[in-house]
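Remarks on the structure that follows.
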Amino acid sequence: MKTILFSENIKKAAPELKVLQIEAEVINTPTSDLLWNEIEEEATRLQKNYELPELNKRPAIMATRKAYKALGKDPNRYRPSAEALGRRILNGKGIYRLTTLIDIINLVSVKTGYSIGGFDNDKIEGDSLLLDAGTPQDIFNAIGRGPLNIEGLPVYRDNLGGIGTPTSDEERTKLTPDTSRILMLVNIYGEETPVNETEAMIKDLLSRHASLKNYKSKINSID
């Protein structure tokens, strides 16, 4: 498994951070109606349980926003992906139907409030990732949105540069229909859904929808 390292500024800004790391062999098919029904059911549940002004008070989202602020980033301008997904649902815009792996990540993110990175493991350079704060010099092409200013965002770096933040992942290592090995990083800046429940949920979804094989997991923490 990849080694996850934490920089000193991340340790200071987010001392309670845990990163649930999952690596596995998968098949990334078009999203089935069965999976999509689960997503729609979860969207309905979110709409019943939250009003828009309350969404960023979810413990997991609130903790992620707190880490952004500690690193000098405005979480209202650069929202964590879990918050952005929830806002789309509560605003009646829904979620894009993409591929199985991406939609599983979105489903878990909506359920838990955690922002989750999903990467093609074969496109990551090196055996380790460093979670650090972005700098003004970083060049980061966010998926579907182009160049993103990641200064002050927590960013995972491989040997070539940034691959993912809680706001967006990078084009270079993104999941595609050809992805056969996934690396998933669940960013738990503050626990809302217990880690073991989150992992069980992910493993179940990957087993039922993505032909899961050779599953490995690890919990990385600051301490």
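The values are calculated or read from the model by the stated rules, or taken from the named source; none is laboratory data. Please read all numbers here as calculations on a predicted model, not as lab measurements. When we count neighbours, we look across all protein chains shown, and the Cβ atoms used for this are built from the backbone with ideal geometry, even at glycine. Surface areas here come from the heavy atoms of the whole protein model, side chains and all, with no ligands, DNA or RNA. Shrake-Rupley method; radii C 1.70, N 1.55, O 1.52, S 1.80 Å.
A few notes on this one:
- For the chain, with all protein chains in place and a probe radius of 1.4 Å, 48% of the accessible heavy-atom surface sits on carbon or sulfur.
- Distances between placed amide hydrogens fall under 5 Å for Phe6 paired with Leu131, all partners being 5 or more residues away or on another chain.
- Considering all C-alpha pairs of segment 90-175, those separated by over 17 Å amount to 50%.
- Net charge in the neighbourhood of Lys123 (other residues with Cβ under 13 Å of its Cβ; Lys, Arg +1, Asp, Glu -1) is -4.
- Residue-span extension gain [Ser128 to Thr3] - 0.36 nm each, minus C-alpha spacing: 44.6 nm
- Per residue, in Å², the accessible surface of segment 23-150 once ligands and nucleic acids are set aside, probe 1.4 Å: 48 Å²
- Of all the options Pro75, Pro136, Pro177, the one that moves most in a Gaussian network model of the chain with Cα springs shorter than 10 angstrom is Pro136.
- A full extension of the chain between Glu171 and Tyr50 corresponds to an added length of 40.4 nm, given 0.36 nm per residue minus the alpha carbon distance.
- Using only alpha-carbon positions in the chain, the gyration tensor eigenvalues give semi-axes of 24, 22, 16 Å once each is multiplied by 5 and square-rooted (largest first).
- The residues neighbouring Tyr68, those whose beta-carbon lies less than 12 Å from its own, together hold a net charge of +3 under the Lys/Arg +1, Asp/Glu -1 convention.
- The chain - mean residue ellipticity at 222 nm from DSSP helices (-39,500 (n - 2.57) per run, n ≥ 4, rounded to 500): -10000 deg cm²/dmol
- Couplings for segment 78-86, taken from phi via the Karplus curve 6.51 cos²θ - 1.76 cosθ + 1.60 with θ = phi - 60°, read 10, 6, x, 4, 5, 5, 4, 5, x Hz in order; Gly and Pro are left as x.
- Residues whose amide H falls under 5 Å from that of Gly134, counting only those 5 or more places apart or on a different chain, are Gly152, Leu153, Val155, with hydrogens built in the peptide plane.
- Whole-Å distance, taken between Cα centres, linking segment 59-97 and segment 144-193: 15 Å
- Build a GNM of the chain with springs between Cα atoms under 10 Å apart, and of Gly164, Gly92, Gly134 the one that fluctuates most is Gly92.
- Proximity of backbone amide H atoms, modeled 1.01 Å from N, is registered between Asp169 and Ile143 at under 5 Å, excluding neighbours fewer than 5 places apart on the same chain.
- Label-to-label distance, nm, for residues given as Arg97 and Ile27 (7 Å Cα→Cβ offset): 2.0 nm
- The residue among Asn9, Asn159, Ser217 whose Cα reaches farthest toward the positive pole of the charge dipole of the chain, with charges on the beta-carbon of Lys, Arg, Asp and Glu, is Asn9.
- Rg of the Cα atoms in segment 1-81, relative to 2.2 N^0.38 Å, amounts to 1.44.
- Taking N as its residue count, the alpha carbon Rg of segment 118-217 over 2.2 N^0.38 Å: 1.14
- Distance in nm between pseudo-label sites at Ile222 and Lys11 (7 Å out along the Cβ direction from Cα): 1.0 nm
- In terms of accessible area, using a 1.4 Å probe and ignoring ligands and nucleic acids, Tyr96, Tyr50, Tyr114 rank largest first as Tyr96, Tyr50, Tyr114.
- At R0 = 25 Å, FRET efficiency that the Cβ-Cβ distance of Asn214 and Trp36 yields, to 0.05: 0.40
- The Glu197 and Leu160 beta-carbon pair, evaluated with R₀ = 25 Å, returns a calculated FRET efficiency of approximately 0.15.
- Short-range pairs are left out: with C-alpha atoms under 8 Å and at least six residues apart, the relative contact order of segment 125-223 is 18 percent.
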